[in-house]
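The structure appears below as structure tokens.
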Amino acid sequence: MRLKDKVALITGGANGIGLATTQRFAREGAKVIMWDLTDQGNEVVEALKKEGCDAIFQKVSVTDEEAVLNAVEEAHKHFGRIDILINNAGITKDRTLLKMSRQEWDDVLAVNLTGVFNCTQAVAPIMKEQNYGRIISASSNVAIRGNFGQTNYVATKTAIIGMTKVWAMELGKFNITVNCIAPGFIYTAMTDKMPEEVKKQSIAQIPLGKWGYPDDVANGYLYLASDEASFVSGVCLTIDGGAAR
Ligand SMILES: NC(=O)c1ccc[n+]([C@@H]2O[C@H](COP(=O)([O-])OP(=O)(O)OC[C@H]3O[C@@H](n4cnc5c(N)ncnc54)[C@H](O)[C@@H]3O)[C@@H](O)[C@H]2O)c1
């Protein structure tokens, strides 16, 4: 078990990559604090408990600073520590620059950028106190490549690479590593809504000739959260079948 007795907080854990990560971490021995907006989180955690895993669900939006602080305090009281933070929650609201509304811009920044800031700022003092921490956030390979119709999303995912480098510098002296992952096309609800034609074209740009699955990304989070990555900090791990340019 690669995460035995580690306490991991995973945001956006009820679906897709976050769900695969919650399940993988729990089965690797972690005690899991799972956050999401949807009550589905309860079912996920109940199923894990039946397997003997230790997990709690908290219905929290990462955009709500006060709710984030309260939930972190409650979870910290429950488990006594928080070793790993997975800033996984993210949304898309795609539109070309000429058509994007202020609301679409604000909504995506609130979850993907301010949400990551809120969670990291709430958990980092606990990690500092315990002189141990692993912080891993979801960027995307579009941060490196750009993507048509994703001004708001790409802005947030590029910022995550920058914040990761800053936080790796600032928090390293407290034995906290800070990294991010940059997935390419992964089969989840987020990508399910893409037009079929675009999905088909995307395969041609991937040297491995296929999309990835949530477990492919969960494996990346797991590596960076594990002791095997204890000397890795400030990096962005691309998981995209070779597509990033
Ligand atoms: N799927 C891909 O191809 C892909 C590629 C690159 C990066 N990513 C990133 O990986 C992460 C996970 O993506 P996914 O495809 O699994 O998405 P998904 O839409 O399948 O799941 C996202 C989860 O986050 C939750 N969520 C949304 N807003 C939230 C909020 N404010 N607070 C708490 N939870 C919230 C949703 O309820 C959902 O359960 C995202 O950050 C995404 O940007 C995904």
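The values are calculated or read from the model by the stated rules, or taken from the named source; none is laboratory data. On a predicted model such as this, the values are computed, not experimentally measured, just so you know. Ideal geometry is used to build each Cβ from the backbone, glycine not excepted, and the neighbour counts take in all protein chains shown.
Inspect region 8-17 for any residue being over 21 Å from residue 108 (Cβ atoms), more than 7 Å from the ligand (Cβ to nearest atom) and surrounded by fewer than 24 Cβ atoms within 10 Å (Cβ to Cβ) and give the result as yes or no. Steps first, answer last, please.
Narrowing region 8-17 to residues over 21 Å from residue 108 (Cβ atoms): 8-9.
Among the residues that remain, those that are also more than 7 Å from the ligand (Cβ to nearest atom) are: 8-9.
Filter once more, keeping what is surrounded by fewer than 24 Cβ atoms within 10 Å (Cβ to Cβ): none.
Checked against the condition, which is being over 21 Å from residue 108 (Cβ atoms), more than 7 Å from the ligand (Cβ to nearest atom) and surrounded by fewer than 24 Cβ atoms within 10 Å (Cβ to Cβ), region 8-17 yields no hits at all.
For the subset of region 27-44 comprising residues that are more than 16 Å from the chain's Cα centre (by Cα) and over 17 Å from residue 218 (Cα atoms), which member is nearest to the ligand (Cβ to nearest atom)?
38
Out of the residues in region 166-188 meeting the condition of being small (Gly, Ala, Ser) and within 16 Å of the ligand (Cβ to nearest atom), tell me which one is surrounded by the fewest Cβ atoms within 10 Å (Cβ to Cβ).
Going through region 166-188, the residues small (Gly, Ala, Ser) turn out to be 168, 172, 182, 184.
Filter once more, so that each one left must be within 16 Å of the ligand (Cβ to nearest atom): 182, 184.
Working: 182: 23, 184: 25.
By that ranking, first place goes to 182.
Given the residues 141, 131, which is the only one that is in contact (Cβ under 8 Å) with a residue 24 or more places away in the chain, surrounded by fewer than 19 Cβ atoms within 10 Å (Cβ to Cβ) and either more than 27 Å from residue 105 (Cβ to Cβ) or not hydroxyl-bearing (Ser, Thr, Tyr) (or both)?
Details: 141 fails: surrounded by fewer than 19 Cβ atoms within 10 Å (Cβ to Cβ).
That would be 131, the only listed residue that is in contact (Cβ under 8 Å) with a residue 24 or more places away in the chain, surrounded by fewer than 19 Cβ atoms within 10 Å (Cβ to Cβ) and either more than 27 Å from residue 105 (Cβ to Cβ) or not hydroxyl-bearing (Ser, Thr, Tyr) (or both).
Just the residues that are under 20 Å from the mean Cα position of the chain (by Cα), without any contact (Cβ under 8 Å) to a residue 24 or more places away in the chain and surrounded by fewer than 15 Cβ atoms within 10 Å (Cβ to Cβ), please, taken from region 194-245.
Answer for region 194-245, where residues must be under 20 Å from the mean Cα position of the chain (by Cα), without any contact (Cβ under 8 Å) to a residue 24 or more places away in the chain and surrounded by fewer than 15 Cβ atoms within 10 Å (Cβ to Cβ): there is none.
Report yes if residue 66 is surrounded by fewer than 21 Cβ atoms within 10 Å (Cβ to Cβ) and within 23 Å of residue 223 (Cβ to Cβ), otherwise no.
Working: surrounded by fewer than 21 Cβ atoms within 10 Å (Cβ to Cβ): yes; within 23 Å of residue 223 (Cβ to Cβ): no.
So residue 66 fails the test.
Going by the conditions given, is residue 198 more than 30 Å from residue 133 (Cα to Cα) and either out of contact with any helix residue (DSSP H, G or I) (no Cβ under 6 Å at 6 or more places or on another chain) or modelled with pLDDT under 95 (or both)? Outline the logic, then answer.
On the way: more than 30 Å from residue 133 (Cα to Cα): yes; either out of contact with any helix residue (DSSP H, G or I) (no Cβ under 6 Å at 6 or more places or on another chain) or modelled with pLDDT under 95 (or both): yes.
When the stated conditions are applied, residue 198 passes them.
Do you know which residues across region 56-92 are assigned to a loop (DSSP other than H, G, I, E, B) and more than 11 Å from the ligand (Cβ to nearest atom)?
Restricting attention to region 56-92, the residues satisfying the condition of being assigned to a loop (DSSP other than H, G, I, E, B) are 60-64, 80-83, 88-92.
The answer is 80, 81, 82, 83.
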